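The values are calculated or read from the model by the stated rules, or taken from the named source; none is laboratory data. These numbers come from a predicted model, not from an experiment. Note that each Cβ is placed from the backbone with ideal geometry, even for glycine, and that neighbours are counted across all protein chains shown.
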Amino acid sequence: MLDEPTNRGELGRREFMGHAALAGALAAGIDTFARPGRVALAAPARALRKTLKFGMVKAEAADGRKLNVEERLSIAKQAGFESVEPDTVFDDTELKAMKTAADKVGIHIDAFVCSTHWSSPLSDPDPAVWEKTMEGMRVSIQNARDVGADMVLLVPAVVTPQVMYRDAYARAVERTKQLAKDAAKAKITIGIENVWNKFLLSPLEGKKFIEDIDSDSVKFWFDIGNVVLFGYPQDWIRTLGPLIARVDIKDFDAKARQFVPLQEGSVDWPETMRALDEIGYKGYIAAEVQGGDLAYLTETVSKRMDAIFAG
């Protein structure tokens, strides 16, 4: 119970200030709730949609039984996700079964992740190597088209002691340009992801890479947690701006130098979300963290994403 004010004039001034602040907030179109003497502002509404990498959904039940695709999709749906992002599916029968299961569960497949780009990068000098990812990307693009997805994730290059940065860049641009033609025909967008591949180490390089490819079918797939070790997510977001077509969400502890659960690392989430607001980002944000069962995906991933989105 609040103490009774001893001065009625003081209470009048408090009421006036509180009402004035509330009126000002309402006039600005901000949702509020009022308490005596103060106004608290609600979080902004954001048109963001939750998805996750399909591999995060645990493939085994508590009793050790292997879960089928429909059961795993159902877990993702129950955890609060409206979509999933599988790896490349090379078998047409398997893809059809996945699409049928997704339709039955009522969950969308919004994108595919190319499964060959790490082992057979486009930057490799050997055609026997990089052609595997050309084929993997073409299959992924067809996967996306067949199920109604709109994007395919690509890691475009890997710099190694044997592959110089300048060569990796030139090869990746040239070969991604070729893939962009396939993507354009299928009306699918290729998303270039920033990962720990010693490539595209700053937002300026990421922006230039997309501009050098010069295709509306190639955009940036920005991974928030992957830049914390050497940069700031909000800087990347503001620099890349409308070139960002998809976002991955994870957290990273810069001191411990390791990935951690969402909201337990070094990412400045309020500032990161403000940056996304500034560039007008709307659409899917994909969880790419440690996987688990229904309880884990709900409490440690989905609900934390809700809290981050709400600010």
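Taking Val139 as the residue in question, decide whether it is farther than 13 Å from Pro125 by Cα and in contact with a helix residue (DSSP H, G or I) (Cβ under 9 Å, 6 or more places away or on another chain).
No.
Within this structure, Phe222 fails the test of being under 23 Å from Ile285 (Cβ atoms) and either part of a helix (DSSP H, G or I) or among the small types (Gly, Ala, Ser) (or both). Within the stretch 181-198, is there a residue that is more than 16 Å from the chain's Cα centre (by Cα) and surrounded by 21 or more Cβ atoms within 10 Å (Cβ to Cβ)? Within the stretch 181-198 (the criterion being more than 16 Å from the chain's Cα centre (by Cα) and surrounded by 21 or more Cβ atoms within 10 Å (Cβ to Cβ)), the answer is yes, since at least one residue qualifies.
Remark: pairs (first residue in the stretch 59-81, modelled with pLDDT of 95 or more; second residue small (Gly, Ala, Ser); Cβ separation under 6 Å; 6+ apart in sequence or on different chains) = Leu67/Ala59; Leu67/Ala61; Val69/Ala101; Glu70/Ala101; Leu73/Ala101; Leu73/Ala102; Ala79/Ser302; Gly80/Ser302.
Residues considered: Asp167, Asp124. Of these, the only one that is surrounded by fewer than 20 Cβ atoms within 10 Å (Cβ to Cβ), of a type in the set (Asp, Glu) and out of contact with any strand residue (DSSP E or B) (no Cβ under 6 Å at 6 or more places or on another chain) is Asp167. Scanning the stretch 265-311 for residues that are under 23 Å from Leu153 (Cα atoms), among the polar types (S, T, N, Q) and touching a residue at least 60 places away in the same chain (Cβ under 8 Å) returns Gln290, Ser302.
Selection over the stretch 218-234 of residues that are surrounded by fewer than 21 Cβ atoms within 10 Å (Cβ to Cβ) and under 16 Å from Asp150 (Cα atoms) gives a count of 1. When Gly148 is tested against (1) on the phi > 0 side of the Ramachandran plot; (2) out of contact with any strand residue (DSSP E or B) (no Cβ under 8 Å at 6 or more places or on another chain), just one condition goes unmet, and that condition is (2).
Residue under question is Ser266, and the condition is that it be farther than 29 Å from Val69 by Cβ, surrounded by 13 or more Cβ atoms within 10 Å (Cβ to Cβ) and at pLDDT 95 or above; does it hold? Break it down into steps so the answer makes sense when it comes.
Numbers: farther than 29 Å from Val69 by Cβ: yes; surrounded by 13 or more Cβ atoms within 10 Å (Cβ to Cβ): yes; at pLDDT 95 or above: yes.
Yes; evaluated as a whole, the condition is true for this residue.
Across the stretch 107-121, the qualifying residues are those that are under 22 Å from the mean Cα position of the chain (by Cα) and among the small types (Gly, Ala, Ser), and the one among them that is surrounded by the most Cβ atoms within 10 Å (Cβ to Cβ) is Ala111.
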